[in-house]
Amino acid sequence: MVYPGSAMVSSAVWHAQMEGVLERNASAAIADSPHAAILARAGAALTQLKARLALLEPMPPRQGLAVALLDSALWTRYELHDGELQMTVDVDGPALGDVVLVSEYAAIEALAAGSMNFAEARKLGVLRLYGDARAKARIQHWLMSIL
């Protein structure tokens, strides 16, 4: 799987950390950790993000969102099942038709905590969306309405 421009996300995260917008040590703590520790720490932030995503407007039906953390190579999927947002951590990658959100732990942690919103994250370049244009637009609208 190739996501053009995804390498720019890491650079944008670094710049945001240097400017004090994102926590400086967050990504380093994840990158240098054993897999179990990555799952625990990133899993907690991804679960907190799920809670925020499930608060308001429901996820677009029949549309999955796969989150790839570049600094830990961790994939997580969010999808709607029986009207409830489900999350699966440590998957092999996106499912067919998923919109892919590429980012790093520090940005996901900030989104989950509410210290950064989706529009700001996109403007800073600390995340990127990939996928079919229609699906991407639906997911972007959904994320903007919640985060």
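The values are calculated or read from the model by the stated rules, or taken from the named source; none is laboratory data. All figures in this text were calculated on a predicted structure; none of them were measured in a lab. Here the Cβ positions follow ideal geometry from the backbone for every residue, glycine too, while neighbour counts run over all protein chains shown.
Key figures for this structure:
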| read-out | value |
| --- | --- |
| Residues located in segment 1-44, provided they are in a helix (DSSP H, G or I), out of contact with any strand residue (DSSP E or B) (no Cβ under 9 Å at 6 or more places or on another chain) and modelled with pLDDT of 70 or more | Ala7, Ser10, Ser11, Trp14, His15, Ala16, Gln17, Met18, Ala40, Arg41, Ala44 |
| Criterion: within 10 Å of the chain's Cα centre (by Cα), modelled with pLDDT of 95 or more and surrounded by fewer than 21 Cβ atoms within 10 Å (Cβ to Cβ) - qualifying residue of Leu124, Leu129, Leu101 | Leu129 |
| Lone unmet requirement of (1) of a type in the set (Phe, Trp, Tyr); (2) surrounded by 19 or more Cβ atoms within 10 Å (Cβ to Cβ); (3) within 12 Å of the chain's Cα centre (by Cα) for Phe118 | (2) |
| Close pairs (6 angstrom Cβ cut-off, 6 or more residues apart or separate chains): charged (D, E, K, R) in segment 45-64, surrounded by fewer than 17 Cβ atoms within 10 Å (Cβ to Cβ) anywhere | Glu57/Ser145 |
| Single unsatisfied condition, Gly93 versus (1) in contact with a strand residue (DSSP E or B) (Cβ under 7 Å, 6 or more places away or on another chain); (2) modelled with pLDDT under 90; (3) surrounded by fewer than 19 Cβ atoms within 10 Å (Cβ to Cβ) | (2) |
| Criterion violated by Thr88 - all others in (1) buried (at least 21 other Cβ atoms within 10 Å of the Cβ); (2) in contact with an Asp or Glu (Cβ under 9 Å, 6 or more places away or on another chain); (3) more than 13 Å from Ala135 (Cβ to Cβ) satisfied | (1) |
| Options Arg41, Arg77, Arg62; residue that is among the basic types (Lys, Arg) and touching a Pro at 6+ places or on another chain (Cβ under 8 Å) | Arg77 |
| Test: Asp82 is without any contact (Cβ under 8 Å) to a residue 40 or more places away in the chain and of a type outside the set (Phe, Trp, Tyr) | yes |
| Filtered residues of segment 115-141 (kept if in contact (Cβ under 8 Å) with a residue 12 or more places away in the chain and aliphatic (A, V, I, L, M)) | Met116, Ala119, Ala121, Leu124, Val126, Leu127, Leu129, Ala135, Ile139 |
| Test result for Leu53, of a type outside the set (S, T, N, Q), within 13 Å of the chain's Cα centre (by Cα) and closer than 22 Å to Val2 by Cβ | no |
